[in-house]
1. Can you tell me which residue among 15, 40 is in contact with a helix residue (DSSP H, G or I) (Cβ under 9 Å, 6 or more places away or on another chain), buried (at least 21 other Cβ atoms within 10 Å of the Cβ) and at pLDDT 95 or above?
2. Go through the range 190-221 and report how many residues are at pLDDT 90 or above and in contact with a strand residue (DSSP E or B) (Cβ under 7 Å, 6 or more places away or on another chain).
3. Can you tell me which of 125, 147 is modelled with pLDDT of 90 or more and buried (at least 16 other Cβ atoms within 10 Å of the Cβ)?
4. For the range 250-297, enumerate the residues that are more than 16 Å from the ligand (Cβ to nearest atom), over 23 Å from the mean Cα position of the chain (by Cα) and at pLDDT 75 or above.
5. So in the range 298-316, with the set limited to residues that are within 26 Å of the chain's Cα centre (by Cα) and closer than 22 Å to residue 37 by Cα, which one is farthest from the ligand (Cβ to nearest atom)?
6. How many residues are over 18 Å from residue 96 (Cβ atoms), touching a residue at least 24 places away in the same chain (Cβ under 8 Å) and out of contact with any strand residue (DSSP E or B) (no Cβ under 8 Å at 6 or more places or on another chain) if we restrict to the range 166-189?
7. At least 2 residues that are touching a residue at least 24 places away in the same chain (Cβ under 8 Å) and under 26 Å from residue 182 (Cβ atoms) in each: list the helices (runs of 4 or more DSSP H) lying fully within the range 204-268 that qualify.
8. Among the candidates 153, 141, 175, single out the residue that is crowded, with 22+ Cβ neighbours inside 10 Å and over 26 Å from the mean Cα position of the chain (by Cα).
Ligand code: SF4
């Protein structure tokens, strides 16, 4: 079936053949997301991995319907709890964000309003989405801050974002994100801007909250080390497409795509037996100038003549592992996603 990479039954989130393009100057079209399909089950942690420019953050923003001009979702469906988000109005989407789906960004300073106190921002969300009185919202804000590990919660609510450390701000963002008990939390590089020692604390906190509130987590990251520790399933993106998808353990144990192998190579202790590739040469091609054949062709040490001319389909090599690469044609069980 076309474009149904592991479209498992009863998903919480189903993204099907999503295409998000940016219409740039001089008639250039940046195909930032180009035919992406996947599901997230209730309570599951799915990671989308790739370098900067691979399309992972645009996939997350598309799900939140936060794509701004000159970008737009040009094709595909995004279904949350069987509700098609692509058809929702801006007003309906605003209501849904926070209530059913929430996002934590890489740099909380961009998401927090610098002129309002932490208390103002939390209570506004609670009053808007949970219809609380001012007093109820104030008490709940303190509770939420305590829940995310902020000990001076009754003082912090009177402070402004710039008075807090990066780690504290990210805890506040998590408190805001979980305040309305969403079913899906999307975290886009949530720890990249933080010190190494704080990173693990924030990721552990998100997993703790996920379990406590029975949420699913969609984790966007460039770091396969984080993935190995936190994700149930991994999607590897390159050039706006999924190039490999598998449960985390399977992906790490039987890595297939040359790009995934290259990413793993930067984590020498994570996987000892992966073919040694060295650092991946070159950079991700711009989304407005993708190679005509396989999008990894210009960087792939295994590239063949046919890779230059046509882009491989995703092929299913076991019943829970797909890869987009001609090296595995003989291992193919069946084609599951057409080339776009
Ligand atoms: Fe490399 Fe060819 Fe596979 Fe693309 S299809 S990843 S160029 S071997």
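1. When all the criteria are applied, what remains is 15.
2. 9
3. Values: 125 fails: modelled with pLDDT of 90 or more.
Answer to the selection: 147.
4. Passing the criteria: only 289.
5. Selected residue: 316.
6. Adding up the residues that qualify gives 6.
7. Numbers: elements: 224-230, 248-253, 258-265.
The helices (runs of 4 or more DSSP H) meeting that bar are 224-230.
8. Details: 153 fails: crowded, with 22+ Cβ neighbours inside 10 Å; 175 fails: over 26 Å from the mean Cα position of the chain (by Cα).
So the residue among 153, 141, 175 that is crowded, with 22+ Cβ neighbours inside 10 Å and over 26 Å from the mean Cα position of the chain (by Cα) is 141.
The values are calculated or read from the model by the stated rules, or taken from the named source; none is laboratory data. Since we're looking at a predicted model, the values are computed, not measured. Here the Cβ is made from the backbone with ideal geometry for all residues, glycine too, and neighbour counts use every protein chain on show.
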